[in-house]
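Working notes, beginning with the structure itself.
Just so you know, all these numbers are worked out from the coordinates, no wet-lab data involved. Every value quoted in this text rests on a predicted model; they were computed, and no experiment measured them. Cβ sites come from the backbone with ideal geometry, for glycine too, and all protein chains shown count toward neighbours.
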Amino acid sequence: MQVRLSVAAVIVMACCMVPGARAESPTPDDVVKPIFGDTRGGKSYACFVRHYGAAHLARHRKQTVTEIRLLLTVEKVAEDEQLNYSFAFNASIRNKGRWEAYGSCGHAKLSETRGGAVDIGCAGDCEGGLISVELVGASKPAVVRLDNLRVLRIGAPEKSRQLGGGDDGVFHLRRVSLSECGSLMPKDDELASAETR
């Protein structure tokens with residue numbers, strides 16, 4: 001009987017200790033730190049790219065995007081505890097040249113469907129549709145979803161079209177050197193200029 005009481009007491013003590021012993025859940029900013037590095041100095045950037053070859057495009061005949069580049073900017077804003085995001089997007093479309101879009105994203109949030117991932121929801125400038133980005137660590141592809149994202153023709157901004165849905169709805173982009181997003185980096189940003197050299 002004495003032994004049973006001792007075992008029960010140990011179980012009760014262990015149960016009481018579990019909540020306090022549990023590590024705090026990571027915040028979205030903790031998850032993206034390996035991707036963007038130290039953001040205490042202000043801004044940081046990450047570049048994601050995908051080139052689609054002939055074999056892929058032959059299997060996805062309705063896909064119009066042949067190349068896609070995404071630059072995410074993360075910034076620490078005064079009086080806001082969470083990081084703020086914005087995006088620059090550039091895509092080549094079959095026989096239609098290159099197109100671009102820019103917009104803001106607000107805060108990241110922990111994914112409700114994929115453990116260890118964050119979701120960043122963004123809106124294109126001038127009510128230009130939506131783009132969401134799922135990030136899972138520094139070595140995993142970013143999953144980019146387009147929802148009627150309005151893109152402008154580079155060199156002819158009066159021409160616009162929408163991307164999203166079907167074979168142009170979801171893209172898996174790999175993280176690459178910032179130099180590959182040089183054309184998307186803000187030209188008046190000294191940090192951006194230094195990082196793309």
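For this structure, a couple of remarks:
- Sparsely packed loop sites in the range 70-173 (the GluC sites (Glu not before Pro) outside DSSP H, G, I, E and B with at most 15 other Cβ atoms within 10 Å) comprise 79, 81, 112, 127.
- Relative contact order (%) - criterion: Cα under 8 Å, at least six apart; region: the range 34-116: 23
- Taking 0.36 nm per residue of separation and subtracting the current Cα-Cα distance, fully stretching the chain between residue 84 and residue 61 would add 4.6 nm.
- Using the Cβ of residue 165 as centre and a radius below 11 Å, the other residues enclosed give a net charge of -1, where K and R count +1 and D and E count -1.
- Cα principal axis extents for the range 25-195, largest first, Å: 44, 37, 29
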